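Quick notes on the structure that follows.
The values are calculated or read from the model by the stated rules, or taken from the named source; none is laboratory data. The structure displayed is predicted, hence computed values, not measured ones. Using ideal geometry, Cβ is built from the backbone for each residue, glycine included, and neighbour counts are taken over all protein chains shown.
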Amino acid sequence: MIIYLVKSILLLGLLYGVYKLFLENEKMHRFNRFFLLFALVFGLTAPLISFDLSPETSIVGVNMQQMERVVNAPAEAVSRSVEPLIVPQQTQEALPKAESTPVVTEEPSWSISTLDVLLLMYGAITLLLLIRFVTGLIEIRNKVKAGTHKKTDHATLVLLDEPITPQSFLDYIFLEKKQFELGNIEPEILDHEFTHVRQFHSFDVLLIEFLKVIFWFNPLMYLYKHAIQLNHEFMADEAVVRSGSAISDYQELLIRVSSGNSSLKTTSNINFSLTKKRIKMMGKSISKIKVGAIWLFILPVSVALIIFFSAQSESYPQTISMQEIWDSLPPTTYYDVELESEGPTGLYHPLDERTGILIGPDGEPYSRERNTYSVDTDSVIYAETIVDGKVTRSEFPRYDSTGAYQYRSVVIPSLDEDGNTVSSYYSDQHTDSLVLNMEKIDTDSLITTKAWHPNGQLAWEFQMMVPGGERHGLTTVYDEDGAIIEQKSYEDGDLIETIKEREDL
């Protein structure tokens, strides 16, 4: 979430910077409106979208893998700095903690983390802003009900018995009744508000106001709101000037109308940001060549930014061995003797010719026992008997939460007369042994694993891809009578279809 927020703020900020530098002062208001809404929507959604590109891919001469690192660096840096402060760290304590008194074990249920406090603050502020947003809409509805209505071709005039600046919301235009009946509201003012209605500016305002409720902590939302509403006024002013009104007379009219009267929240009102910038914009002319050049520059830059913030290079291997997974885990165990491996380990049956040879400290294939201990308890959790570098017996002691011994499981690998690898399994919990058979179907692609119930009935069978260890094809589980109790279909490790679901789970 933190990475998403940082990337979203960065993208929104970059797109807003593009608007301020190249678009705001240009008389291309329709395109600017599209750009601002486009920037808002994609600035919030692009970091959620990802698509893969190969590391060699480049766009406009920029290597995508390098750009991905540049884009992700700030987000990851902030995440690494902030996340430990707000997310409780899970630490493994020593086993004696199980002897703590009930009072101590109850404390975590009452503890409040920094994340809980922040979420509570966010929820409270968001709720207040949502109430304020809804209250503003209710206020507008009440004004509509309280006023006198006059239908026109383009909108409904709402005449109010109170001083109010001319303003619009959806297809309603709010005017002071007395001034309207006296004919003191000039046609230019009505044209201005009619433009807001015809071009559906209220929907833009509603969108940014709602986003402010959700992302109130993002200062860019307030900048985007001001830019969107100012652009609305540019568009309305342009429509009035194009209708034939003198620019100087219209400017004087705006200054006179905007003084002193109140306005409603969420409406488009005529006196919004009546600054030198807005007055100056009315006298600007449009250069088609300049507009075309800006289009040619802005569109590729915007698309490139979105791709940079969304793309994910395929810089990781498609498969990973079990040994690589073990090596990536934190050290929770240690050996009584360190061995090296010539070839892959952890993926195949210990006696399979594809499984690596374990080499001892003397550089020769190892032939002795090796124990694996738990870092926390210093107890043996895995014991191996190794002959000529191959594991011939594996024992797994099991302990309860207090560290007391419970039972052990033993696996003894062997080869059958056809050269297939077979494992005999037994446990202190069971009176009979369970035989595991690994039948090689194709040395370079698949191996089939089968197991039998103590009565000799097939217990399960599935195929495993080599290399990788992903399931492929049918996985079937049988009861002691040979009936199928579960069956699923896999393809390259992905579950494709559940043919029969196990009912006893």
Legend entry - Looking only at region 15-61, and only at residues there that are over 12 Å from residue 224 (Cα atoms), exposed (fewer than 14 other Cβ atoms within 10 Å of the Cβ) and of a type in the set (A, V, I, L, M, F, W, C), the one that is modelled with the lowest pLDDT: 60
Legend entry - Pair list, Cβ under 6 Å, 6 or more apart: region 209-226 residue over 18 Å from residue 18 (Cβ atoms), other residue outside any helix (DSSP H, G or I): 209/266
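Filtering region 161-170 down to residues that are in a strand (DSSP E or B) and of a type outside the set (S, T, N, Q), which residue is nearest to the chain's Cα centre (by Cα)? Steps first, please.
Residues of region 161-170 that are in a strand (DSSP E or B), as a first pass: 164, 167-169.
Those left that are additionally of a type outside the set (S, T, N, Q): 164, 169.
Details: 164: 45, 169: 35 Å.
Taking the candidates together, the pick is 169.
Return yes when residue 178 is in a helix (DSSP H, G or I), among the basic types (Lys, Arg) and out of contact with any Phe, Trp or Tyr (no Cβ under 9 Å at 6 or more places or on another chain) and no when it is not.
Numbers: in a helix (DSSP H, G or I): yes; among the basic types (Lys, Arg): yes; out of contact with any Phe, Trp or Tyr (no Cβ under 9 Å at 6 or more places or on another chain): yes.
Criteria met by residue 178.
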Legend entry - Among (1) at pLDDT 75 or above; (2) in a loop (DSSP other than H, G, I, E, B) - the single one residue 430 does not satisfy: (1)
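It is to be established whether one or more residues within region 138-160 are among the aliphatic types (A, V, I, L, M), under 26 Å from residue 232 (Cα atoms), within 40 Å of the chain's Cα centre (by Cα) and not in a strand (DSSP E or B).
In the first step, residues of region 138-160 are kept if they are among the aliphatic types (A, V, I, L, M); the result is 138, 140, 144, 146, 155, 157-160.
Next cut, under 26 Å from residue 232 (Cα atoms) only: 138, 140, 144, 155, 157-160.
From the residues that got through so far, the ones that are within 40 Å of the chain's Cα centre (by Cα) too are 138, 140.
Filter once more, keeping what is not in a strand (DSSP E or B): 138, 140.
Yes, region 138-160 contains a residue that is among the aliphatic types (A, V, I, L, M), under 26 Å from residue 232 (Cα atoms), within 40 Å of the chain's Cα centre (by Cα) and not in a strand (DSSP E or B).
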Legend entry - Leading residue by the ranking (surrounded by the most Cβ atoms within 10 Å (Cβ to Cβ)) among those in region 455-477 that are over 23 Å from residue 355 (Cα atoms) and modelled with pLDDT under 75: 455
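How many residues does region 198-246 contain that are in a helix (DSSP H, G or I), among the hydroxyl-bearing types (Ser, Thr, Tyr) and farther than 20 Å from residue 155 by Cα? Lay out the reasoning, then the answer.
Taking region 198-246 first, the residues in a helix (DSSP H, G or I) are 198, 201-214, 219-242.
Checking which are among the hydroxyl-bearing types (Ser, Thr, Tyr) leaves us with 202, 222, 224.
So of that shortlist, the ones also farther than 20 Å from residue 155 by Cα come out as 222, 224.
Residues that pass the stated criteria total 2.
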